Amino acid sequence: MVIIASILFLNCESKPKNTKNPINAVLVGASSSTINPKIGMFIAGDKPNRRFTGIHDSLYAKAVVIRKENELLALVTLDCIGLLYPDVDKIRIRASEMINDSLMLPERIIVASNHVHSGPDVVGIWGPSQLESGVDSVYMKEMIEVAALQVKKAFEGMRPAKIYAASGEFGEGWVNNICEPDEIDRSLELIQFTDTNGESIATMTNFACHPTFYDAVQNEVSADYVGAFYNHLSKSIDGEHLFFQGAIGGWVQPEKEDQSFEVGIKRGEELSAEVQRLLPGKSELKNSDIQFRNEVFELPISNSGWAQLAAAGVIKRDIDSTTTTEMAWFRIGEAEFITHPGETPPAYSFKSKEMMGDGPKFVIGLGLDAMGYILKPEYFEPETDLPHAAYLTRMSPGKEAGPIVLSKIEKLIKTP
């Protein structure tokens, strides 16, 4: 499906449609749109030079915008293998331009990828050869425009809301860490925004598992189990549904069984059923105040392959001995969130949550960047016996990345 970008008028400052809002109320809006690639585009994940032959289920860009007085925050989730930081920034800048409100700063727009392996190549490394990018530049421009537009629509649709949270555990029996079986974060964290009549505006789900049921087997566009989750949940709960990936590095994968569409759908529906089971026991957050802090920094790159791909134009990113990336921490009421700039190990999720307060805790994997596997240093040791270490380290920025990311996590969470 070809994306048709909307014609936008930016001559005046955007304002939320609902102007009759109670003083100090939290305002929430949400929006979504498909971002399906064209048939014949390159598929991201596993082997390169694979092309789409059809569409099984749609890919989406989804956004929710939250405002409390003069604090504004937007969360965006994309059905793709992982947007690199320069493209994330394009969405943020474009959305801020569209909205044209002094409170909607680009850095307040958190863009995350859910890492589906049945979406288009948005990085470059799955093209026809090692030195030819698989990115379709026309698609990227359209996807960026559509994603930004969802932030604008969510902003314009904000209305007074209440915020609820629920939590549980999920995935026992089919979600595994195939490198370190005893290290896995099965947390299932939920936030639901409802209007003052109790109708759902948006539900946010945070869970860690690679969406790779169809990896290297199916050649149709699909959001994998996440797509089935969205479809099943939308039949029972109104509003938008947003899935945010967790810490899936080192290597949190599903039990793929026969890799049929039926198996992926079954697992997505099981996740939906668990969300529906948990939501009736949700608790309203005690407050809706928004806090935010972020840091842009240079991440060391000791993996020469990344720099070579960037120099060859396969990856559209400045990479030398370092590359620029960003992380963010924010709080909505008692709920705390931290972004991880790639696929981090479950150990980093646990450490993130240990530093947080007593409220709901969200780790957003591939948040603001998709800089490969951010690994624990022991994966790089010459005598390591960790399974798949050779592959994972080839897809990592390097040994220094993990400790630096962990130090940024601590700084962002613990800064007064």
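All of the numbers you see were taken from the coordinates with simple rules; none came from a lab. This is a predicted model, so every value here is computed, not measured. Quick reminder, even Gly has a Cβ in these numbers, built from the backbone with ideal geometry, and neighbours come from all protein chains shown.
Students often forget the sequence filter, so: which lysines lie under 26 Å Cα-Cα from Lys152 once same-chain residues fewer than 8 apart are removed?
Lys15, Lys17, Lys20, Lys38, Lys62, Lys68, Lys90, Lys141, Lys162, Lys235
What FRET efficiency comes out for the pair Val217/Asn70, r = Cβ-Cβ distance, R0 = 51 Å, nearest 0.05? Walk me through the numbers on the way to the answer.
Values: r = 50 Å, r/R0 = 0.98.
Rounded to the nearest 0.05, the efficiency is 0.55.
Pairs of alpha-carbon atoms within less than 8 angstrom and 6+ residues apart define the contacts here; what relative contact order does the chain have, in percent? Mind showing how you got there, number by number?
Working: 1065 pairs, mean separation 72.1, N = 416.
After rounding, I find 17 percent.
Take every DSSP beta bridge with both residues inside the chain and express the antiparallel ones as a percent of the total, to the nearest 5.
Counting DSSP beta bridges with both partners in the chain, the antiparallel share is about 75 percent.
From zero outward in steps of 10 Å, how is the percent of C-alpha pairs of the stretch 278-416 spread across the bins?
With 10 Å bins starting at 0, P(r) equals 11, 38, 30, 15, 6, 0.
Using only the Cα atoms of the stretch 83-138, what do you get for the radius of gyration and for Dmax, in Å?
Over the stretch 83-138's Cα set, Rg and Dmax evaluate to 14.3, 45 Å.
Return Glu107, Glu326, Glu270, Glu343 ranked ascending by Cβ neighbour count within 10 Å, so the fewest neighbours appear first. Mind showing how you got there, number by number?
Numbers: Glu107 15, Glu326 21, Glu270 18, Glu343 28.
Lowest to highest Cβ neighbour count: Glu107, Glu270, Glu326, Glu343.
Return, ordered by residue number, the residues of the stretch 252-292 whose backbone nitrogen is under 15 Å from a label point located 7 Å along Cα→Cβ of Ile178.
252-260
Pick from Ile404, Ile364, Ile184: which residue has the top mean-square fluctuation in a GNM of the chain where Cα pairs under 10 Å get a spring?
Highest fluctuation of the listed residues: Ile404.
With the dipole of the chain worked out from charges on the C-beta (+1 for Lys and Arg, -1 for Asp and Glu) around the Cα centre, which of Val263, Ala147, Val135 lies farthest toward the positive end?
Farthest along the dipole direction, towards plus: Ala147.
Report the residue, chosen from Thr339, Thr205, Thr196, that carries the largest GNM mean-square fluctuation when the chain is represented by alpha-carbon nodes joined by springs under 10 Å.
Of the options given, Thr196 has the highest mean-square fluctuation.
Once you have the Cα-Cα distance between Asp358 and Gln259, take 0.36 nm times their residue separation minus that, and quote the gain in nm to one decimal. Intermediate values should be presented prior to the final figure.
Details: separation 99, 0.36 × 99 = 35.64 nm, distance 3.89 nm.
Between Asp358 and Gln259, full extension yields an extra 31.8 nm.
Which ordering of Lys411, Lys286, Lys62 is given by a fewest-first count of other beta-carbon atoms within 10 Å?
Values: Lys411 14, Lys286 10, Lys62 26.
Ascending number of Cβ neighbours within 10 Å: Lys286, Lys411, Lys62.
Using a cut-off of 12 Å between beta-carbons, work out the net charge of the residues near Gly268 (Lys and Arg +1, Asp and Glu -1, Gly268 not included).
Details: positive: Lys266, Arg267; negative: Asp57, Asp224, Glu262, Glu269, Glu270, Glu274.
With Lys, Arg at +1 and Asp, Glu at -1, the net is -4.
Roughly speaking, what is the stretch gain from Asp318 to Ser102, that is 0.36 nm per residue apart minus the C-alpha to C-alpha distance, in nm to one decimal?
Working: separation 216, 0.36 × 216 = 77.76 nm, distance 2.94 nm.
Roughly 74.8 nm would be gained on extension.
Could you tell me whether the stretch 48-148 comes out rounded, prolate or oblate from its Cα gyration tensor? Rule is a ≥ b ≥ c as square roots of the eigenvalues, rounded for a/c under 1.5, then prolate if a/b exceeds b/c, otherwise oblate.
prolate
For every other residue with a beta carbon closer than 15 angstrom to the beta carbon of Asp369, add +1 if it is Lys or Arg and -1 if Asp or Glu, then tell me the sum. Don't jump to the answer; show the numbers that get you there.
Working: positive: Lys90, Arg92, Lys316, Arg317, Lys408; negative: Asp87, Asp89, Glu107, Glu295, Glu298, Asp318, Glu326, Glu343.
Counting the neighbours of Asp369, the net charge comes to -3.
What nm distance separates the two modelled labels at Arg277 and Arg394, each placed 7 Å from Cα along Cα→Cβ?
Roughly 4.0 nm, to one decimal.
Rounding to the nearest 10 and keeping the result within 0 to 90°, find how far the Cα-based axis of helix 346-355 lies from the longest principal axis of the chain.
Tilt relative to the chain: about 40 degrees.
Which one, Val146, Val263, Val26, has the greatest fluctuation when you compute a Gaussian network model over the chain with C-alpha springs under 10 angstrom?
The residue with the greatest mean-square fluctuation here is Val263.
How much net charge surrounds Gln192 when only other residues with a Cβ under 13 Å from its Cβ are counted (Lys, Arg +1; Asp, Glu -1)?
Numbers: positive: Lys162, Lys282; negative: Glu189, Asp195, Glu199, Asp238, Glu240, Glu284.
After counting each charged neighbour, the total is -4.
Checking the a/c ratio against 1.5 first, then a/b against b/c, what shape does the Cα gyration tensor give for the stretch 328-368? Working shown, then result.
Details: a/c = 2.87, a/b = 1.40, b/c = 2.06.
Oblate, since a/c reaches 1.5 and b/c is not below a/b.
Give me the one-decimal Kirkwood hydrodynamic radius in Å for the stretch 297-357, with the sum taken over alpha-carbon pairs. Before the final figure, lay out each step's value.
Numbers: mean 1/r = 0.0726 Å⁻¹.
Hydrodynamic radius (Kirkwood, Cα pairs) of the stretch 297-357 is 13.8 Å.
Among (i) 8; (ii) 21; (iii) 29, which one is percent of Cα pairs over 41 Å apart computed from these coordinates?
(i)
Roughly what angle does helix 261-278 make with the longest principal axis of the chain, taking Cα atoms, 0 to 90 degrees, to the nearest 10?
40 degrees
Once both labels are modelled 7 Å past Cα along the beta-carbon direction, what's the Glu199-Glu284 spacing in nm?
That separation, rounded to one decimal, is 1.9 nm.
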